[in-house]
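Notes follow once the structure below has been shown.
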Amino acid sequence: MKFGNLKSLGHNLADSIASSIGLFIGVYEMNIFAEAAASNEGYITVNFLSGTTIGAIPSESLSRAICLYRDELPRLCVKHGIDVTKIKTLEARFGTDQAYGPHFKVTVETLQGKTSTDQYVGLPGKRLRRRKL
């Protein structure tokens, strides 16, 4: 499995939820940023492997969508040449604030310990690159 493929899959899954359309699971309307912003926590972290969340409690509709993403994950992994059994972490944290607006952070990790966390801003999510001083 190429690690870049896993990173790409993580971004594509998160961007699909962020788009509020959910094309990977059929056309499924949701607004994860609005739900995160309306909560005391201010964020929702989605675990794509288990279909669970932490942070704000998602609506029933959003919870259902997240479970559909979990169920679709094995098929998407095959399509991207990824062995789903070799993935330790595949999650995204969604939030919104005055500085960045809607943004999400994608974390992936293999069972061998190779890990990556990338931040994305806007819709569609564009990678946030920080300038080196």
*Using only the Cα atoms of the chain, build the gyration tensor, take square roots of its eigenvalues as a ≥ b ≥ c, and label the shape rounded, prolate or oblate: rounded if a/c is under 1.5, else prolate if a/b is larger than b/c, else oblate.*
oblate
*Could you line up Cys77, Cys67 from fewest to most neighbouring Cβ atoms inside 10 Å?*
Cys67, Cys77
_Ranked Ser50, Ser16, Ser8, criterion: other C-beta atoms within 10 Å, fewest first_ = Ser50, Ser8, Ser16
*Using just the helices of the chain, give the 222 nm mean residue ellipticity in deg cm²/dmol: DSSP H runs with n ≥ 4 each add -39,500 (n - 2.57), and the total is spread over all residues, rounded to 500.*
-10000 deg cm²/dmol
*Taking +1 at the Cβ of each Lys and Arg and -1 at the Cβ of each Asp and Glu, which of Cys77, Asn40, Gly51 sits farthest along the dipole of the chain towards its positive end, judged by Cα position relative to the Cα centre?*
Cys77
*Once you have the Cα-Cα distance between Ser116 and Lys7, take 0.36 nm times their residue separation minus that, and quote the gain in nm to one decimal.*
38.5 nm
*Check: the chain dipole with +1 on Lys, Arg Cβ and -1 on Asp, Glu Cβ, in debye*: 820
*asked:* Restricting to Cα pairs below 8 Å that are 6+ residues apart, what does the relative contact order work out to for the chain? Please round to a whole percent.
replied: 24
_Can you give the FRET efficiency to the nearest 0.05 for Asp83 and Ser39, using r as the Cβ-Cβ distance and R₀ = 30 Å?_
0.30
*Order of Tyr100, Tyr120 from fewest to most other C-beta atoms within 10 Å?*
Tyr100, Tyr120
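Read-outs: derived from the displayed coordinates by stated rules, not from any lab. The shown structure was predicted, so the numbers you read here are calculated from the model rather than taken from an experiment. As a convention, Cβ positions derive from the backbone with ideal geometry for all residues, glycine included, and neighbour counts pool all protein chains shown.
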